[in-house]
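What follows is a short report on a single structure.
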Amino acid sequence: MRSIFAIFLTLFLVFHPAAIAPVQAQVNLTETEAKQLDALVKKAFDATDAGEFTEAEGYWTDLINLYPDNAAGWSNRGNSKMSQNRPQEALADYNKSVELAPAYPDPYLNRGAALESLGKWEEAIADYNRVLEIDPKDAAAYNNRGNAKAGLGKWEEAIADYQTAMQVNSRFSTAFGNHAIALYEVGKTEEAIKEMKNILRKYPNFTDVRAALTAALWANKKNGEAESNWVSVENLDPRYRDINWVKNIRRWSPTLVTSLEKFLTLK
């Protein structure tokens, strides 16, 4: 006899700040096959947690070879490729996941992130809209749609999406951080700085916001306070020294990127 096993595979995405959500894939497996699948999933996530994304990709490939109709396997392998900055290859995996599980929101969410990284903002927005058709309360989709609108320079629309994400999930710190950065871009400097400080009171190790606050304070001629915040940034994540990474991978707003660049150049 074969039993029905519902497999919940948590999607992991480090390429761009976003919410994490489960994909459900249901397949018919014997007990032996289920144990084999569980072992591969554990190895893949252990490798991911250790930052061994190439190894994780290999485990997801093994899973796909055994169970090619498992949508979660394809989506998670796409995440491993995204973590290695290979969005075009990841996109192919997400396309397959969407094909296999068109009623589930998470493959669309992940594909949207890949499309964003390729500068395909409108296509990304279409995927996030599809997520919201399936689940109108998906905070990650609102946040990510805000990111895509920011990519188009539609900052006021991005702010509206971040606000909705914050309302849907009041603990979604990433949306709060993105909202503060967007406020800075539209010239609401003091409001943005206040919001950044409020976020850091609750999440003191939120490096992205602390780096953003550093740049905003420096531009606001609060040099000592900026330097103090920067010490924590360098200890937590040295990538913020790389303006190209901040601009093109993290994708801060242009004004904030300029402020950070001046801080790094002149401090």
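Overview of results
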quantity	calculated
Segment Ala103-Lys42, extension gain: residue separation times 0.36 nm, minus the distance between their alpha carbons	19.4 nm
Cβ-based exposure ranking for Leu260, Leu37, in which fewest neighbours within 10 Å come first	Leu37, Leu260
Using alpha-carbon coordinates, inclination of helix 254-266 to the longest axis of the chain, degrees	60
Cα gyration tensor category, rounded, prolate or oblate, for segment 73-148 with a/c compared to 1.5	oblate
Amide proton proximity set for Gly119, modelled H, under 5 Å, gap of 5+	none
Global geometry of segment 201-257, whether rounded, prolate or oblate, following the gyration tensor of its Cα atoms and the 1.5 cut on a/c	oblate
Three semi-axes of the equivalent ellipsoid, segment 82-241, Cα gyration tensor, whole Å, largest first	31, 17, 14
C-alpha long axis of helix 207-219 to longest principal axis of the chain, angle in °	20
Trypsin sites (Lys or Arg not before Pro) restricted to segment 118-214 and DSSP loop, no more than 13 other C-beta within 10 Å	Lys137, Arg171
Whole-Hz ³J(HN,Hα) from phi, Karplus 6.51 cos²θ - 1.76 cosθ + 1.60, for segment 240-252, glycine and proline x	6, 6, 9, 4, 4, 5, 4, 7, 9, 9, 5, 6, 5
3J(HN,Hα) from dihedral phi, segment 47-55, Karplus parametrisation 6.51/-1.76/1.60, rounded to Hz, x for glycine, proline	5, 4, 4, 8, x, 8, 6, 5, 5
The chain - mean residue ellipticity at 222 nm from DSSP helices (-39,500 (n - 2.57) per run, n ≥ 4, rounded to 500)	-21500 deg cm²/dmol
Magnitude of the charge dipole, the chain, Cβ model with Lys/Arg +1 and Asp/Glu -1, debye to 20	820
Residues Met82, Met196, Met166, sorted so that the one with the fewest Cβ neighbours within 10 Å comes first	Met166, Met82, Met196
Long-range HN-HN contacts of Leu29 with modeled amide H, under 5 Å	Ser3, Phe5
Gyration tensor (alpha-carbon) shape descriptor, the chain, a/c threshold 1.5	prolate
GNM top mover of Ala215, Ala90, Ala47 - the chain, alpha-carbon springs below 10 Å	Ala47
Distance between modelled label sites at Ile243 and Glu227, nm, 7 Å Cα→Cβ extension	2.1
Whole-Å distance, taken between Cα centres, linking segment 135-177 and segment 238-253	20
Per-residue ³J(HN,Hα) for segment 86-93, Karplus 6.51 cos²θ - 1.76 cosθ + 1.60, θ = phi - 60°, Hz, x for Gly and Pro	10, x, 5, 5, 4, 4, 4, 5
On Cα atoms only, tilt of 189-202 relative to the major axis of the chain in degrees	50
Exposure proxy order (Cβ contacts within 10 Å, fewest to most) of Asp242, Asp106	Asp242, Asp106
Most fluctuating residue given options Ser83, Ser170, Ser75, as computed from a GNM of the chain linking Cα atoms under 10 Å	Ser170
GNM top mover of Thr61, Thr30, Thr207 - the chain, alpha-carbon springs below 10 Å	Thr30
Positive-end residue, the chain charge dipole about Cα centroid, Cβ charges, pick of His179, Trp155, Leu217	Leu217
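All of the numbers you see were taken from the coordinates with simple rules; none came from a lab. Predicted model only: the values in this text are computed from it and were never measured. Cβ atoms come from the backbone with ideal geometry, glycine included; neighbour counts cover every protein chain shown.
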